[in-house]
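One structure is given below, encoded as structure tokens.
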Amino acid sequence: MMTDREPMPGTVLLSAQDIAAIVARLGGEISRDYEGRLPILISLLKGGVVFLADLIRQITIPHHIEFLQVSSYGGSTTSSGQVKILTDLEMSIQGRDIIVVEDVVDTGTTLAYIMEVLRLRNPASLEMCALLRKRSANPVAIPVRYLGQEIPGRFVVGYGLDYRENFRHLPFIAALEPDPAAS
Ligand code: PRP
């Protein structure tokens, strides 16, 4: 049905408590797997920053953090298919253990591109950690080593995720209603 209502956060898909449990599990897995090493967690701005901030406080081993600002969506609600590095890493990742921390994998375009760029810099290892993966994503193309949860292929906001830069601050993840990507 056609509507001109401004899209707003509606159905809550993950509550703050749900997210906390997922983040604690992921932090535990990373802490176990990287015991005795000094991984660098690379957060993809802007969406990944809230997740990273919580995740590192659930990791009990020493690690470093870095930021990479990329953009594929711009102001649009669907992927443009073009990824741009807006701000690059500060430190070298050569010979380091890298975990890329992403809020959501949708088409997989962003992570596929970033992983290729980082691989060329010769890290010792390169893994991905994503809080969410949409069911529409191609799981073969994007092997996410540390995955929080699969969600329906809907436009979601909150916990770092935005709609036109709004709603990143919400402590939960909700579907935007009506879905601006649906025609
Ligand atoms: C979003 C999200 C992921 C990417 C996922 O970022 O944070 O990085 O899209 O989509 P994909 O799997 O289809 O590539 P966006 O470009 O909206 O930037 P933002 O993180 O600054 O909001």
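The values are calculated or read from the model by the stated rules, or taken from the named source; none is laboratory data. Fair warning: this is a prediction, and the values are worked out from it, not measured in the lab. Every residue, glycine among them, receives a Cβ derived from its backbone with ideal geometry; neighbour counts consider all protein chains shown.
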### Query
Would you say PRO123 is at pLDDT below 95 and outside any strand (DSSP E or B)?
no
## Note on the structure
Apart from one, (1) surrounded by 16 or more Cβ atoms within 10 Å (Cβ to Cβ); (2) farther than 29 Å from SER31 by Cα all hold for TYR146; the odd one out is (2)
### Message
Being among the β-branched types (Val, Ile, Thr) and near the ligand (Cβ under 8 Å from one of its atoms): is that true of VAL105 here?
### Response
yes
#### Entry: Lone unmet requirement of (1) outside any strand (DSSP E or B); (2) buried (at least 17 other Cβ atoms within 10 Å of the Cβ); (3) under 17 Å from the mean Cα position of the chain (by Cα) for HIS169
(2)
#### Entry: Residues that are farther than 20 Å from GLY158 by Cα and not aliphatic (A, V, I, L, M), drawn from segment 36-57
GLY36, ARG37, PRO39
### Message
Tell me whether segment 133-152 contains one or more residues that are more than 11 Å from the ligand (Cβ to nearest atom), over 19 Å from SER15 (Cβ atoms) and among the aromatic types (Phe, Trp, Tyr).
### Response
yes
